[in-house]
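Please read the structure below before turning to the comments.
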Amino acid sequence: MTTYVTVAQVGSIPSGEGRTFTVGERLVAVFNHGGKYFAIDDLCPHMGASLGAGEVDNQGIVTCPWHAWRFRVCDGTWADNPALKVDSFDVRVVGDDIQVSVSSPTEG
């Protein structure tokens, strides 16, 4: 059975933005893209910048604030080289709670 942890309330993450939360032993970036919530590993694999601090474009791609690496918030795929991914995590909304899975990352 998958375990979820509440990280935020619906409406607390503006559309087109992300926030970083501790989920289990991981830092996870949770994004609001068009009213849907997505979660990926917060740390950019290039130099470790917080992806949760990046901006999300209309296509659901977050840009790392340090060196402009770009990742799809829906599945963590690097937009410029699909061979590279960061982990993604299941997200659900229960009532007003945004919850992220604390189990293993979602397999691509």
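The values are calculated or read from the model by the stated rules, or taken from the named source; none is laboratory data. Since the structure is predicted, the reported quantities are computational estimates derived from the model, not experimental observations. Using ideal geometry, Cβ is built from the backbone for each residue, glycine included, and neighbour counts are taken over all protein chains shown. The protein model used for the area step is the full one, side chains on, heavy atoms only, and it has no ligands, DNA or RNA in it. Shrake-Rupley method; radii C 1.70, N 1.55, O 1.52, S 1.80 Å.
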(message) What number comes out for accessible area per residue over the chain if the probe is 1.4 Å? Units Å², please.
(response) 54
(request) Tell me which residues come under 5 Å, amide H to amide H, from V23 once H is placed; ignore anything under 5 positions away on its chain. (result) V28
(message) Compute the distance from the alpha-carbon center of segment 85-99 to that of segment 24-55, in whole Å.
(response) 11
(request) For an R0 of 22 angstrom, estimate the FRET efficiency from the Cβ-Cβ distance between K36 and N81 and round to the nearest 0.05. (result) 0.35
(message) As an exercise, take the mean of 1/r over every pair of distinct alpha carbons in segment 54-108, invert it, and state the Kirkwood radius in angstroms.
(response) 12.3
(request) Divide the volume of the convex hull of the Cα atoms of the chain by its number of residues and quote the answer in cubic angstrom per residue. (result) 87
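If I compute solvent accessible area with a 1.4 Å probe over the protein chains, what percent of it on the chain is carbon and sulfur? Numbers along the way, then the final one.
Values: 2830 of 5830 Å².
Carbon and sulfur: 49 percent of the exposed surface of the chain.
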(message) Output wanted: per-residue J couplings in Hz (rounded whole) for segment 9-18, from phi through Karplus 6.51 cos²θ - 1.76 cosθ + 1.60, θ = phi - 60°, x for Gly and Pro.
(response) 9, 3, x, 7, 10, x, 4, x, 10, x
(message) Could you tell me the relative contact order of the chain? Use alpha-carbon pairs under 8 Å, at least six residues apart, and round to a whole percent.
(response) 28
(request) Pop out the ³J(HN,Hα) list for segment 21-35 in order, Karplus 6.51 cos²θ - 1.76 cosθ + 1.60 with θ = phi - 60°, rounded to Hz; leave Gly and Pro as x. (result) 9, 8, 10, x, 9, 10, 8, 10, 8, 10, 10, 9, 10, x, x
